[in-house]
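Peer 1: Could you have a look at this structure, given as structure tokens, before my questions?
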Amino acid sequence: MKTTKTRIIFFTIALTYSLILGFYMRDFLVLSPPTLQVFYLLSALPTLFLTVNINSKAMRATVYILLILIACMNITYAIYCRRVFPILAIISLGIVFMYFIAFANATRKDRLLTKIFVLVLSAEILLLLFTAYIFVYKQNCVSLTNGQATLWDVDTVKLADEICTDCDSEEEKVKAIYEWMTRSFEYDYDCNPAIQYFNIRKILRTRKGICYDFAHLFAALCRSQNIPCYVVDGNKRENVQYHHTWNRVYFNDSWWNIDVTFDTIQTINRECLYGLRKIDCACVTDEEFFITKIY
């Protein structure tokens, strides 16, 4: 009886946390429904392990393996997009872990119903892991998504709407965003790129950043207006130690190279701008840089 009450308490805490996390991600980050669904379920679904008695060592080991797989998926995603929010889902997993390590009883025989429940739930979680992999690495419209390395919130959408208030076409919106950024920001020469990650609140507050920040902010503003935009990472051909990040944006039935960082610096120095340069496609090679990633 005491074990049952403890399990119910742990289940309530973990599920409540997952629900709050889900609402936060939906309302604040404006995540696309598929991405939200996958990571929301990866946080909430494992708590169902707490609804039944799992008494055998084999079944408990299965639970541990699945929880570790889910945790690894979230950590991998966090490293991939240099954001900490996927780690939040691991907290609910930790609550489940704590229960099984500290309170689960392995002395009784497990029942057939328990086995069936765990097997069905395990299959569903494995399917979710595979689905999460698809949405993290194999998205069809990465140039429009919020949920990978480029993340924006409701305030970003409002800001982009304000910048593009008087714009009638996608070209006008792109140019308005570009001009607003080149006039409003300055390069952060004191930044340490080794620990750099994109924080949209920080860059909008400080009005400073490096190429990684500028490229992701430009992409976030464009994507929030449903304008396809990629972030491109590359190493200079003449010096592979020199890393740079810029954008490729789509409007007027064409893809265009745009380097907001370069033009921000050039604007301050009142020198020649890179501007918008038409390219054949989003994945075309670059004359000046070896492209390492397009996302």
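The values are calculated or read from the model by the stated rules, or taken from the named source; none is laboratory data. None of these values were measured; they are calculated from a predicted model. Counting neighbours? That spans all protein chains shown, and the Cβs are built from the backbone with ideal geometry, glycine included. Remember, those area values only see protein heavy atoms, side chains included, never the ligands or the DNA or RNA. Shrake-Rupley method; radii C 1.70, N 1.55, O 1.52, S 1.80 Å.
Peer 1: When you go through 26, 60 one by one, which is the residue that is farther than 30 Å from residue 226 by Cβ and either out of contact with any helix residue (DSSP H, G or I) (no Cβ under 9 Å at 6 or more places or on another chain) or open to solvent by 10 Å² or more (accessible area, probe 1.4 Å) (or both)?
Peer 2: Going through 26, 60 in turn, the sole match is 60.
Peer 1: Tally time: how many residues in the stretch 111-153 are touching a Phe, Trp or Tyr at 6+ places or on another chain (Cβ under 8 Å), modelled with pLDDT of 75 or more and part of a helix (DSSP H, G or I)?
Peer 2: The qualifying residues number 4.
Peer 1: Please specify each residue of the stretch 206-230 satisfying the condition of being in contact with a Leu (Cβ under 9 Å, 6 or more places away or on another chain) and part of a loop (DSSP other than H, G, I, E, B).
Peer 2: 226, 227, 228
This table checks each residue for (1) free of Cβ contacts under 8 Å to residues at least 24 places away in the same chain; (2) touching a helix residue (DSSP H, G or I) at 6+ places or on another chain (Cβ under 6 Å); (3) buried (at least 19 other Cβ atoms within 10 Å of the Cβ).
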{"residue": "228", "(1), (2), (3)": "no, yes, no"}
{"residue": "240", "(1), (2), (3)": "no, no, no"}
{"residue": "252", "(1), (2), (3)": "no, yes, no"}
{"residue": "261", "(1), (2), (3)": "no, yes, yes"}
{"residue": "264", "(1), (2), (3)": "no, yes, yes"}
{"residue": "294", "(1), (2), (3)": "no, no, no"}
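Peer 1: On to the next question. Which residues, taken from the stretch 46-56, are at pLDDT 80 or above and over 12 Å from residue 99 (Cβ atoms)?
Peer 2: Here is the first cut: in the stretch 46-56, the residues at pLDDT 80 or above are 46-51.
Once the filter is applied, which keeps residues that are at pLDDT 80 or above and over 12 Å from residue 99 (Cβ atoms), the stretch 46-56 yields only 48.
Peer 1: I'd like the full set of residues that are open to solvent by 90 Å² or more (accessible area, probe 1.4 Å) and closer than 22 Å to residue 253 by Cβ, limited to the stretch 278-292.
Peer 2: 278, 280, 283, 285
Peer 1: In addition: Quick one: residue 274 ticks every box in (1) open to solvent by less than 60 Å² (accessible area, probe 1.4 Å); (2) more than 17 Å from the chain's Cα centre (by Cα); (3) within 19 Å of residue 79 (Cα to Cα) bar one, so which box is it?
Peer 2: Only one criterion is unmet by residue 274, namely (3).
Peer 1: Further question on the same structure: Of all the residues that make up the stretch 78-110, how many are open to solvent by less than 30 Å² (accessible area, probe 1.4 Å) and either under 30 Å from residue 233 (Cβ atoms) or modelled with pLDDT under 75 (or both)?
Peer 2: Residues in the stretch 78-110 being open to solvent by less than 30 Å² (accessible area, probe 1.4 Å) and either under 30 Å from residue 233 (Cβ atoms) or modelled with pLDDT under 75 (or both): 6 in total.
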